[in-house]
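Since every read-out is calculated from the coordinates, none of them should be taken as a lab result. Please read all numbers here as calculations on a predicted model, not as lab measurements. In this analysis, Cβ positions are derived from the backbone assuming ideal geometry, glycine residues included, and neighbour counts consider all displayed protein chains.
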Amino acid sequence: MATVLQCFALLCACCIDTTFSHFELKNVAYPKQVSLSSGYQGNTFPGSLAVNGIFSDFAHTGFERSPWMRVDLGARYRIHEIEVFARSDGYGHQLHDFDARVGDTIYDMHLCGHFTGVASNAQRIAIWCLHNTVGGYVQVQIVAGSTSVLSPAEILVWGD
C-alpha cells in the first residue's frame, strides 16, 4: 500500500509541475514582429495578428507551397513550448502538417517539433522543445500537401 501511495504522490507531483510550468515562463512572442512567406489579399491579415493575444482574429499567408510564419523574438530565449491555435471560425482545417523550428538566425533553424494531421476548429496544438532549445526566431511552416495557406489564430512561445 505504501508503494502505491508513493507512486500516486510522485505522479501528482509530476502533474502539478507540468500544469503550473507556465507560471515560471512568459510568452516571449507577445507582441513581437512576425514575417510571412506571403501576404493574403494585400496583407489584410498581417503576421502581427498571430501574436497579439486575441484568439478571435488570425494572420494569413497567401496560397502557396509550404507557407510559413516567423516570429522575431528580439533576443535569445530558452524555448520550452510553442503553442499554435487553429482558427475558430470554420477554417481550423487550414492548420495542418507543420514543423515548428527555433534558431538564432533565419538561416539556422532547428526542428523543435512536428504536428501531423488536420487541426479542428479552435484546437490548441502544443509542441514541446528539447531542454536546451535556444533561439531568437521561431518559425511555423506547413510541410505537407500542395498549395496551402497558413492562418493560425495565435502563436504562443513559452520561454525564459
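Give, in nm to one decimal, the length gained when the segment between PHE55 and SER38 is fully stretched (0.36 nm per residue of separation minus the Cα-Cα distance). Intermediate results must be reported in sequence, preceding the final value.
Numbers: separation 17, 0.36 × 17 = 6.12 nm, distance 2.14 nm.
Taking 0.36 nm per residue and subtracting the Cα distance, the gain is 4.0 nm.
Okay, helix-only estimate at 222 nm for the chain: each DSSP H run of n ≥ 4 adds -39500 (n - 2.57), divide by all residues, round to 500 deg cm²/dmol; what do you get? All intermediate terms of the calculation are to be shown ahead of the outcome.
Numbers: 1 runs with 18 residues, N = 160.
Value at 222 nm, helices only: -4000 deg cm²/dmol.
Report, in debye and to the nearest 20, how large the dipole of region 24-159 comes out about its Cα centre when Lys and Arg carry +1 and Asp and Glu carry -1 on their Cβ.
It comes to approximately 100 debye.
Please compute the contact order of region 24-159 in relative form: average sequence separation of alpha-carbon pairs under 8 Å and at least six residues apart, divided by the residue count, as a percent.
Values: 398 pairs, mean separation 49.2, N = 136.
Across region 24-159, relative contact order equals 36 percent.
Can you tell me the 0 to 90 degree angle between the C-alpha axis of helix 2-19 and the longest principal axis of the chain, rounded to 10?
It is inclined by approximately 30 degrees.
What percent of all Cα-Cα pairs in the chain falls into each 5 Å bin, going from 0 up to the bin containing the maximum distance?
2, 10, 18, 22, 19, 12, 7, 4, 3, 2, 1, 0, 0, 0
Work out from phi, with θ = phi - 60° and the Karplus expression 6.51 cos²θ - 1.76 cosθ + 1.60, the ³J(HN,Hα) of each residue of region 68-79, listed in order in whole Hz, and give x for Gly and Pro.
Karplus values, whole Hz, x for Gly and Pro: 9, 10, 10, 9, 8, 6, x, 6, 7, 9, 7, 9.
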